[in-house]
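Quick notes on the structure that follows.
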Amino acid sequence: MKLQQLRYIWEVARHKLNVSATADSLFTSQPGISKQIKLLEDELGIPIFARSGKHLTAVTPAGKKIIQVAGEILDRTHDIKAIAQEYVDNKVGSLSLATTHTQARYALPAVVREFMRLYPAIKLNMHQGTPMQIAEMASRGAVDLAIATEAMELFDNLVMLPCYQWNRAVLVPHEHPLIQCPRLSLEVLAKYPIVTYVFGFTGRSELDRAFEQRRLRPQLALTAVDADVIKTYVRLGLGVGIVARMAYDPVADGDLVALDASHLFGRSITKIGLRRDMFLRGFLYDFIQLFAPHLTRDLVDHAMALRDRRAVESLFEKVPLPVH
């Protein structure tokens with residue numbers, strides 16, 4: 001059994017049994033992958049994949065368990081390399097993170113600038129995607145950490161570290177009738193077309209929950225994954241925007257008015273997701289603390305050592321979170 005064979009079955013499963021796409025992603029040949037998979041199956045004495053002719057059609061029940069363990073083994077090989085690199089030179093290496101547009105555009109720039117000043121030899125790779133894509137990348141070890149508000153609780157092997165809490169603002173053009181409203185209510189807001197985030201993005205669940213609890217059905221004129229897109233369509237008069245408060249810049253967005261909506265919606269919490277049992281290099285601790293100063297190395301280690309998600313949540317119940 002070879003690590004290469006384990007990587008092949010893991011990648012084939014990840015590429016939906018498309019051996020050709022797997023070969024392209026690994027810069028190798030399709031026949032070579034097929035041969036190594038067959039050799040592994042022969043060694044184990046059981047099929048990992050079901051076949052129709054030369055085509056893979058499904059993962060066998062035993063194959064599912066084998067592929068899961070293969071993924072865990074591959075994760076640990078990354079940790080071995082990270083441990084070695086930490087002792088060779090703790091200021092050289094790479095850090096990969098996955099996040100949403102809102103975090104990348106509004107929450108991370110100052111953190112990234114300071115991190116790159118402290119660690120100029122660290123290569124920083126940033127991937128953007130949906131919360132589900134982000135969490136899945138962290139879960140399977142494709143990135144070192146994920147930063148998001150939604151979806152990470154769906155992956156049992158992720159430890160979620162709360163970073164900050166935030167709420168929303170309602171964006172309208174100048175002279176909009178809502179500006180004269182002494183205090184916004186959901187009932188008043190529901191009378192206007194709304195432009196906001198796609199479901200599953202940037203705390204959208206809290207927005208939906210608030211309207212549902214009041215048995216209101218908002219008029220969703222348009223949804224987008226990007227706060228800048230939302231602001232563009234508010235400027236065009238398509239509706240009133242509901243965005244994360246951090247996404248409003250009084251200077252850049254001076255043609256819009258931000259109305260406080262913190263009393264209308266429950267707070268959302270942005271979290272960092274880390275794969276349980278991964279080895280954290282020194283610069284990774286520093287990046288985490290730059291993003292969330294309360295997440296000290298000792299606190300992160302404590303959370304990573306806890307095996308139960310509820311225990312992690314309890315650990316942070318009395319930790320005050322900053323408000324963005």
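Can you list which of the chymotrypsin sites (Phe, Trp or Tyr not before Pro) found in the range 48-120 are DSSP loop residues with at most 14 other C-beta atoms within 10 Å?
Details: sites: 49, 87, 106, 115; in loops: none.
Qualifying residues, ordered by number: none.
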> Going toward the positive end of the dipole of the chain, with +1 on Lys and Arg Cβ and -1 on Asp and Glu Cβ, which of 284, 92, 230 do you reach last?
Replying inline: 230
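So with the 1.4 Å probe, I'd like the accessible area per residue for the range 1-144, rounded to whole Å². Numbers along the way, then the final one.
Working: 8110 Å² over 144 residues.
Result: 56 Å² of accessible area for each residue.
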> Gaussian network model of the chain, Cα springs within a sub-10 Å range: biggest mean-square fluctuation belongs to which of 198, 12, 251?
Replying inline: 251
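Within the range 1-70, which trypsin sites (Lys or Arg not before Pro) sit in a loop by DSSP and count at most 16 neighbouring Cβ atoms inside 10 Å?
Details: sites: 2, 7, 14, 16, 35, 38, 51, 54, 64, 65; in loops: 2, 16, 54.
When the trypsin sites (Lys or Arg not before Pro) of the range 1-70 are filtered for loop state and at most 16 Cβ neighbours within 10 Å, 2, 16, 54 remain.
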>> For a test of understanding, tell me how many lysine pairs in the range 1-150 have Cα atoms under 23 Å apart, given they are 8 or more places apart or on different chains.
In response: 23
>> Could you tell me the center-to-center distance, by alpha carbons, between the range 248-320 and the range 49-120 in angstrom?
In response: 20 Å
>> Could you put 137, 126 in order of accessible surface area, largest first, with the 1.4 Å probe and the full protein assembly present?
In response: 126, 137
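Using the Cα centre of the range 58-151 as the reference point, and only Cβ charges (+1 on K/R, -1 on D/E), how large is the resulting charge dipole? Debye, rounded to the nearest 20. Before the final figure, lay out each step's value.
On the way: 10 positive and 9 negative charges, 33 e Å.
The dipole magnitude comes to about 160 debye.
With +1 on each Lys and Arg Cβ and -1 on each Asp and Glu Cβ, and nothing else charged, work out how big the dipole of the range 42-83 is about its Cα centre, in Debye to the nearest 20. Write down the numbers at each step before the final one.
Working: 6 positive and 5 negative charges, 38 e Å.
Charge dipole of the range 42-83: 180 debye, to the nearest 20.
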> For 163, 181, what's the largest-to-smallest order of accessible area, 1.4 Å probe?
Replying inline: 181, 163
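Ignoring ligands, DNA and RNA, how do 183, 105, 275 rank by accessible area with a 1.4 Å probe, largest first? Each step should come with its number before you reach the end.
Working: 183 160, 105 110, 275 20 Å².
Sorted descending by solvent-accessible area, the residues read 183, 105, 275.
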> When only alpha-carbon atoms count, how far does the range 1-74 stretch along each of its three principal axes, as whole angstroms with the largest first?
Replying inline: 28, 26, 20
> Of 220, 256, 268, which is farthest along the charge dipole of the chain in the positive direction, counting Lys and Arg as +1 and Asp and Glu as -1 at C-beta?
Replying inline: 220
> Among 24, 156, 253, which one shows the biggest mean-square fluctuation in a GNM of the chain, springs joining Cα atoms closer than 10 Å?
Replying inline: 24
> If we count every other residue with Cβ under 15 angstrom of residue 211's Cβ, Lys/Arg +1 and Asp/Glu -1, where does the sum land?
Replying inline: +3
> Which of 220, 118, 39 moves the most in a Gaussian network model of the chain with Cα springs under 10 Å?
Replying inline: 39
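Over the chain, with every protein chain in place, what whole percent of the accessible area is carbon and sulfur at 1.4 Å, could you tell me? Write down the numbers at each step before the final one.
Details: 8980 of 16460 Å².
Exposed carbon and sulfur together represent 55 percent of the surface.
Tell me whether the chain comes out rounded, prolate or oblate; compute the Cα gyration tensor, take square roots of the eigenvalues as a ≥ b ≥ c, and use a/c under 1.5 as the rounded threshold.
Cα axes put the chain in the prolate bin.
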> How much accessible area does residue 114 have with a 1.4 Å probe, in Å² rounded to the nearest 10?
Replying inline: 60 Å²
>> Give me the dipole magnitude in Debye, nearest 20, for the range 152-247 about the Cα centre, with unit charges on the beta carbon: positive for Lys and Arg, negative for Asp and Glu.
In response: 380 debye
>> Please enumerate, by chain and number, the aspartates and glutamates with C-alpha under 19 Å from the C-alpha of residue 231, excluding those fewer than 8 residues away in the same chain.
In response: 175, 249, 253, 255, 260
> In terms of the Cα gyration tensor, with a ≥ b ≥ c the square roots of its eigenvalues, is the range 35-182 rounded because a/c is under 1.5, prolate because a/b exceeds b/c, or oblate?
Replying inline: oblate
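As a check on your grasp of the helix formula, calculate [θ] at 222 nm for the chain: sum -39500 (n - 2.57) over DSSP H runs of n ≥ 4, divide by the residue count, round to the nearest 500. Can you show the working numbers first?
On the way: 12 runs with 132 residues, N = 324.
Result for the chain, helices only: -12500 deg cm²/dmol.
Once you order the gyration tensor axes a ≥ b ≥ c over the Cα atoms, which shape class does the range 251-305 get: rounded for a/c under 1.5, otherwise prolate or oblate by comparing a/b with b/c?
Values: a/c = 3.61, a/b = 2.22, b/c = 1.62.
Because a/c hits 1.5 or more and a/b exceeds b/c, the range 251-305 counts as prolate.
The values are calculated or read from the model by the stated rules, or taken from the named source; none is laboratory data. These numbers were taken from a predicted model, which means no experiment stands behind them. Cβ sites come from the backbone with ideal geometry, for glycine too, and all protein chains shown count toward neighbours. When the accessible area is computed, the model is the full protein with side chains, heavy atoms only, and any ligands, DNA or RNA have been set aside. Shrake-Rupley method; radii C 1.70, N 1.55, O 1.52, S 1.80 Å.
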